[in-house]
Amino acid sequence: MKNPVASDATSIGDGKTLYATHCKSCHGAKGLGDGNKAAQLKTEPGNFSTADFQAQSDGSLFYKTSEGRDDMPNFKKKIPDAEERWSIVNFMRSLKK
């Protein structure tokens, strides 16, 4: 699936705001998997800055963000606007090493 939201300053800023609200507590401010709730999880929250993570397609990241699994909730319900979830994907792309 191709990302329909341009990865510009507005989208990345919107994604950062949403990320801070919904993702930061587990994934950490810089996406390193070191959020304040990370130690309580049964599954590893992952490191968004790695080459392996960044090699995933936008569609894959969108799907995983939307559907969730294991400890990660389904954000399709928490963030029903698909464009907002795509903006989170754009923000995650800015977390490269």
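The values are calculated or read from the model by the stated rules, or taken from the named source; none is laboratory data. Being a predicted model, the structure only gives us computed values, none of them experimental. Methodologically, a virtual Cβ is constructed for each residue, glycine included, from the backbone with ideal geometry; neighbour enumeration extends over all protein chains shown.
Restricting Lys96, Lys78 to those that are in contact with a Ser or Thr (Cβ under 7 Å, 6 or more places away or on another chain), of a type in the set (Lys, Arg) and in contact (Cβ under 8 Å) with a residue 40 or more places away in the chain reduces the list to Lys96.
Could we say that Pro4 is under 11 Å from the mean Cα position of the chain (by Cα) and touching a residue at least 12 places away in the same chain (Cβ under 8 Å) here? Outline the logic, then answer.
Details: under 11 Å from the mean Cα position of the chain (by Cα): no; touching a residue at least 12 places away in the same chain (Cβ under 8 Å): yes.
In short, no.
Scanning the range 44-60 for residues that are among the charged types (D, E, K, R) and at pLDDT 95 or above turns up Asp52, Asp58. When the residues of the range 42-97 are filtered to those that are closer than 17 Å to His22 by Cβ and among the small types (Gly, Ala, Ser), which remaining residue is farthest from the chain's Cα centre (by Cα)? Step by step, filter the range 42-97, then rank; the result is Ala82. Regarding Thr43, is this residue touching a Lys or Arg at 6+ places or on another chain (Cβ under 6 Å) and among the β-branched types (Val, Ile, Thr)? Answer is no for this residue. Taking the criterion of being within 18 Å of Gly68 (Cβ to Cβ), of a type outside the set (Asp, Glu) and without any contact (Cβ under 8 Å) to a residue 12 or more places away in the chain, the only residue of the range 36-52 that qualifies is Gln40.
In the set (1) touching a helix residue (DSSP H, G or I) at 6+ places or on another chain (Cβ under 6 Å); (2) modelled with pLDDT under 95, Asp14 fails one condition alone, (2). Looking across the range 1-11, just one residue is closer than 19 Å to Lys64 by Cβ and part of a helix (DSSP H, G or I), and that is Ser11.
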